Amino acid sequence: MPIDDEDVEEEDELPPIPIEEEEDELPPIPVSDELPPMPLDEEEDGLPPMPIEEELLKEMNELPIIDESNNKEEEEEEKEEEEDEDLTVGSSENNNEESSTPITLEENDEIPQVSQQQEEEIDSKVLLNEMKEEEEEEDNNEEVFNNEEESNVLKQNEVNVSTLDKPQWLKPSFKVIMYNKEGILSKGEKRIWEIDFFNQKFNNIDINNSNNKYIYKAEHLYQIDKHFTDSKRLALRFMEIKNIFHLIFESNYHRERFFECASCMRKNLFVWCPSICGPNQLKCITELKGTFKDFNNSKLTGTCKVNVFSKPHEIIKIFTMTWNMGGKKKPKDPKSLIDIITINKYDLYVISTQESGFPTDITKCKKYFEKMLGDNYILLTMVTMWEIQLIILVKKIHFLKISNIQGVYKKTGLGNIAGNKGGVGVSFNFNETSMLFISCHLEANHSDEYNDREYLKIRNLNARGIIDAMTIGNPSLDISSQFNYIFLLGDTNYRIELPYDEGVELAKLKKFKDLLKYDQLKQQQREGQVFYGFKECPIKFPPTYKYKGGTLEFDQKKKRTPSYTDRILFKTFPNCPIIAEKYTAKYSNCKHPSDHLPVQCCFKIPTLRPFASIFTKNVDGICEIKFERIKSKLVIRDEINSPTITFYANWLDSNQKNEYPTTTKIEKMKHPEWLSQHIPILKPSTPHKDYLKLQHLSLAIRDSDNNLIGTCILPLKNAVLKCPNVHLFRAPIHAPGGLAAGIMEGRYSIIYQQKDVTKELM
């Protein structure tokens, strides 16, 4: 059935499909380089790279559960910062310019923008407004929680368990196969993990002898990691227990319900569950009490408490900075950097350095940065490859919200074996939102020519190689299809293609827009050569390179044209709002002798809290996602032999071989098209409409040799709102290496039917 283009929803910016005569000009799809292993932890699941002392874990577990938020003093300080004088280059004056105009996903006009239908633009703006409103409500609620009497009133919010749709979830049992480092325990024999809300404990029971069991306190659970490739598996970490418990459940449904139960039991974590939140309350501590019958029909009586939010998102602030330190040592006193690193205002601090002078020893680095930021922060992780570093710190109050930490690196220096150039990456989940941070250093110019095209090509290859080498998360997918938010920071070495004198003159006159007309990075992005889909705030600050060390005077010895080599880019899934602001270059009062200026950008993003479907009445029933047709228009030259599409999501089941739902193979063609008979029906394990509206589906195209051709991301929101009507989509396909692969279009529907599978499965 033909698709009417007027009815098609464009999920993202669509790359142009070139005509046959222009095929020779198409950017090549790079072949993946082999990536040397760089685990952050001995465990394949990517648990924290640094050991956390038990006392510190206990301290974090005892921290107040109320999220910290901006106060009036911080707002006043921000206003003062915005009034700073402009950074004046060409002299040694020590001033700063700060871009105070925030940018949202819709407002960035520097590079091609995401094109979405009006309803999606409205949805995004509504959520951004909700982000601001929620911050104000959190301020008010924090004052309430800090008042002991009113806090007690909130804690007395009660729900009788008899009113719950499924009170049995207060004591469920799950059959699992349990692994440890040595392999399968009990020769693959299944065990039973029981969750007891009323007694706040986990019971690990021998399936053949119920008296043989281990008990773990819920308050000691500090990390739950969902497996990246096996949708039935997760890992648990408890304080005071060295073992990491790797559990394989009977299905994705069982894993997701276990995850929800465990999340509700955690003392320092809020779940999203409006059903048990108090009337007109944004957040509360709900006491569940009364009598119920469990899945074994045993009668139980008791009470327990759950930390609940009525809204799905927690807003966090992220400070990012990239700085080429020129191989010079760090300032001895970390406090001397507070003029370029704004302290105590952000939930995450992400510091990317090249030719780094910061400590490579993790203990020394931890001591240095925690001294700068204070006792409220902890070093989450640090990845170092030669002189390229990525350092991430987090507020202690958020530590227990972070999971699935992984790290990776890619060398692009001499012969792709030297680590002086390349990139490192760290990914993790904050609540249920995935994010990836990349620190990179690309090839420099080694000639006196300001427009040396040979080194430009090498930089492009570096960029593609680094993106392609981020085999993090699910190694069979590229990063574009896995992370809600990607941030790329570093010394990209892309130059301004002007003679030295012309560049200096424009910089001194603060004609930054005129300079940027000759910026190689923006040119290469427009041509689709690098970083497809990445965005950047408007640049309203001077070039960041090359200066006489410790001054704001441009270097006159080598006469490198002033350029914006140091950049911060970002990329998001469709329908994932972001506020980016304060994109600026800074000059340090400590007069650090680097020939680069540090660049920073601040972000606000909504992170998705764990959804507690176990306590949410499901009025919708179960659902199926049915595709009628999928067609892909690809920019590659050759026909694809027996192409397939595989569907990925946290809420989809994989088979015994860890394979996700996949279409049947079709005949060889250049622009593959799959019809309904080729496409499997997808069955979400969490079918609630409010939950699915915030989810995405990744579609990966592969050839007969299982090579990844490209991936497409579909947000489900509008399809859920239109169900059971057919939803049309048209979205870009992202190729490995950060390139464009083409366009995917098609039609599908989400169909609900009233059916309760809980008793059947449990």
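The values are calculated or read from the model by the stated rules, or taken from the named source; none is laboratory data. Just so it is clear, the structure is predicted and the values come from calculations on it, not from any experiment. Reconstructed Cβ throughout: ideal geometry from the backbone, glycine too, with neighbour counts over all protein chains shown. Protein only, heavy atoms only, side chains kept; ligands, DNA and RNA dropped before computing areas. Shrake-Rupley method; radii C 1.70, N 1.55, O 1.52, S 1.80 Å.
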- Message: Just to verify a number: FRET efficiency for LYS396 and ILE343, C-beta to C-beta distance, R0 = 25 Å, to 0.05?
- Response: 0.95
- Over the stretch 364-411, with neighbouring protein chains present, the accessible area per residue in Å² at probe 1.4 Å is 29
- Item | Point-to-point label distance, ILE751-SER251, nm (Cα→Cβ direction, 7 Å offset) | 1.9
- Once you put a point 7 Å from the Cα of SER173 and another 7 Å from the Cα of ASN296, both along the Cβ direction, what distance in nm separates them? 0.4
- Item | Amide proton proximity set for ARG629, modelled H, under 5 Å, gap of 5+ | ARG747
- Got a number for carbon plus sulfur as a percent of the stretch 461-518's accessible area, 1.4 Å probe? 53
- Inter-centroid distance (Cα atoms) of the stretch 612-686 relative to the stretch 224-238, Å: 23
- Message: If you average the alpha carbon positions of the stretch 476-510 and of the stretch 267-283, how far apart do those two centres end up, in angstrom?
- Response: 42
- Query: Considering only the stretch 418-525, what is the antiparallel percent among its DSSP beta bridges, to the nearest 5?
  - Reply: 60
- Message: Given points 7 Å out from each Cα along the Cα-Cβ axis, report the ASP333 to LYS217 separation in nanometres with one decimal.
- Response: 4.3
- Query: Per-residue HN-Hα couplings for the stretch 656-668, Karplus 6.51 cos²θ - 1.76 cosθ + 1.60 at θ = phi - 60°, whole Hz, x for Gly and Pro?
  - Reply: 5, 8, 6, 9, 7, x, 9, 5, 6, 6, 10, 5, 4
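How large, in percent, is the carbon and sulfur part of the accessible surface of the stretch 266-404 at a probe radius of 1.4 Å?
Working: 2300 of 4770 Å².
That share works out to 48 percent.
Mind giving me the FRET efficiency for GLU667 and LYS513? R0 is 41 Å, r the Cβ-Cβ distance, nearest 0.05 is fine.
Efficiency at R0 = 41 Å is approximately 0.20.
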- Note on the structure: If amide H atoms are modeled at 1.01 Å from N in the peptide plane, then the residues at a separation of 5 or more from LYS510, or on another chain, having amide H under 5 Å from its own are none
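Please give the FRET efficiency for ASN706 paired with GLN556, using the beta carbon to beta carbon distance and R0 = 56 Å, rounded to the nearest 0.05.
Plugging the Cβ-Cβ distance into 1/(1 + (r/R0)^6) gives 0.55.
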- Query: Excluding ligands, DNA and RNA, what is the solvent-accessible area per residue of the stretch 697-760 at a probe of 1.4 Å, expressed in Å²?
  - Reply: 32
